[in-house]
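The values are calculated or read from the model by the stated rules, or taken from the named source; none is laboratory data. As the structure is a prediction and not an experimental result, all values here were calculated from the model. Don't worry about glycine lacking a Cβ; one is built from the backbone with ideal geometry, like all the others, and counts go over all protein chains shown. Keep in mind that these areas ignore ligands, DNA and RNA; they rest on the heavy atoms of the full protein, side chains included. Shrake-Rupley method; radii C 1.70, N 1.55, O 1.52, S 1.80 Å.
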Amino acid sequence: MAKIIAVTGKGGTGKTAITSLLIRHLTRGDKVVLAVDADPDTNLPETLGCETSKTIGDIKEYMHEERDSLPPDINKESILESKLYEILEEMPGYDLMVMGRPEGSGCYCYVNNLLRGIMNKLVTNYDVLIIDAEAGLEHFSRKIFRNVDDLIVVTDGSRRGLRTAERIRELVSELETEVSSIYVIANKVTDANREKIASTAEELGLELIGLIPVDEMIIERDLAGEPLFDLPDDSVAVQEIEKIAQKLGL
């Protein structure tokens with residue numbers, strides 16, 4: 001079964017950038033990787049340098065609207081599965097799937113049940129599934145994904161940011177999805193706050209597995225709207241991600 005890694009955190013922490021750099025690392029190995037953008041803001045394709053227009057949200061909307069008009073003897077799971085493969089973007093070193101916008105009005109339980117079974121089958125084709133997740137973890141509360149091996153909470157260097165990580169940890173305990181390990185990565189770290197972040201994380205009982213320095217290369221690319229996927233090896237963020245990946249066994 002695939003190792004499932006989910007990356008979460010509030011907006012502005014660099015969650016999607018961290019996800020992109022982890023994917024970058026994985027593509028340089030021999031693992032078969034599926035990247036999933038499960039954040040409604042849908043920023044992962046841009047940071048990876050991939051254009052995509054079709055989402056799982058579009059398919060769910062179609063299935064929701066057409067449910068009663070489809071012939072009763074047709075295999076609806078097969079229809080949904082075939083449409084999922086249509087939106088799967090095959091990129092060099094990884095495949096990409098975008099969840100898309102939140103569900104509309106009405107009950108989507110029927111479609112979610114179908115999707116859950118298909119996703120559980122789909123992930124068996126991969127060694128690693130890495131998810132850019134929203135801070136609310138809604139997809140996990142609906143069990144669209146099976147149990148998560150590693151949940152990574154990305155935070156900034158503030159105590160408030162670490163408190164957010166603590167709240168996400170508490171939220172996980174309320175979900176039906178089982179999470180084996182929860183880790184914290186502090187992003188945009190400076191020499192001035194490095195030690196304080198480490199001590200605060202320890203005080204809150206958070207397992208800190210990485211302190212990523214402020215990276216001017218990322219700042220420049222973000223301002224220019226350029227992807228992060230092809231950052232050079234001498235990027236300080238890339239170098240720290242390599243250490244984090246080793247700790248995660250990637």
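Summing charges over all other residues whose Cβ lies under 12 Å from the Cβ of ASP222, with Lys and Arg as +1 and Asp and Glu as -1, gives -3.
Of all the options ASN43, ASN125, ASN75, the one that moves most in a Gaussian network model of the chain with Cα springs shorter than 10 angstrom is ASN75. Taking N as the residue count of region 1-98, its C-alpha radius of gyration divided by 2.2 N^0.38 Å amounts to 1.25. The base-10 log of I(q)/I(0) for region 3-248, evaluated at q = 0.11, 0.12 Å⁻¹, reads -0.58, -0.69 [Debye formula, identical scatterers on Cα atoms, solvent excluded].
Along the charge dipole of region 122-250, which of ILE244, LEU162, PRO213 sits closest to the positive end, that is, farthest toward it, with unit charges on the beta carbon of Lys, Arg, Asp and Glu (+1, +1, -1, -1)? In region 122-250, that residue is LEU162. In nm, to one decimal, how far is the modelled label at VAL236 from the one at SER82, with both set 7 Å along Cα→Cβ? My value for the distance between the label points is 5.3 nm. Assuming charge only on the beta carbon of Lys and Arg (+1) and of Asp and Glu (-1), the dipole of the chain about its Cα centre is about 640 debye to the nearest 20. Taking LEU84, LEU204, LEU115 as the candidate residues, the one with maximal mean-square fluctuation in a Gaussian network model of the chain, Cα springs under 10 Å, is LEU204.
Can you give me the angle between helix 76-87 and the longest principal axis of the chain, using Cα atoms only, in degrees from 0 to 90, rounded to the nearest 10? Compared with the principal axis, the helix lies near 50 degrees. Helix content alone sets the calculated 222 nm mean residue ellipticity of the chain: runs of n ≥ 4 DSSP H residues at -39500 (n - 2.57) each, divided across all residues, give -12500 deg cm²/dmol. To the nearest 10, the accessible area of SER158 is 40 Å² with a 1.4 Å probe.
Where both residues lie in the chain, what percent of DSSP beta bridges are antiparallel, nearest 5? DSSP beta bridges in the chain are roughly 10 percent antiparallel.
Using a probe of 1.4 Å, the accessible surface attributed to VAL179 totals some 40 Å² when neighbouring protein chains are kept in position.
In region 3-248, carbon and sulfur make up what percent of the accessible area (probe 1.4 Å)? It would help to have the intermediate numbers written out before the result.
Values: 5300 of 11430 Å².
Looking at region 3-248 in its full context, I get 46 percent from C and S.
Could you give the angle, 0 to 90 degrees to the nearest 10, between helix 236-247's Cα long axis and the longest principal axis of the Cα atoms of the chain? Tilt of helix 236-247: around 70 degrees. Set Lys and Arg Cβ to +1 and Asp and Glu Cβ to -1, take the dipole of the chain about its Cα centre, and tell me which of TYR62, LEU151, SER173 lies farthest positive. The residue sitting most towards the positive pole is SER173.
Rolling a 1.4 Å probe across the protein heavy atoms gives region 3-248 an accessible surface of 46 Å² per residue. A simple spin-label model places pseudo-atoms 7 Å from Cα toward Cβ; at GLU170 and LYS31 they are separated by 3.1 nm.
What's the local net charge at GLU242, with K and R +1, D and E -1, over the other residues with C-beta under 11 Å away? Cβ neighbours under 11 Å give a net charge of +2. Relative to the longest principal axis of the Cα atoms of the chain, the long axis of helix 56-66 makes an angle of roughly 20 degrees. Taking TYR94, TYR126, TYR62 as the candidate residues, the one with maximal mean-square fluctuation in a Gaussian network model of the chain, Cα springs under 10 Å, is TYR62. Please report the net charge: other residues with Cβ closer than 9 Å to the Cβ of SER181, K and R +1, D and E -1. Once all neighbours under 9 Å are counted, the net charge is -3.
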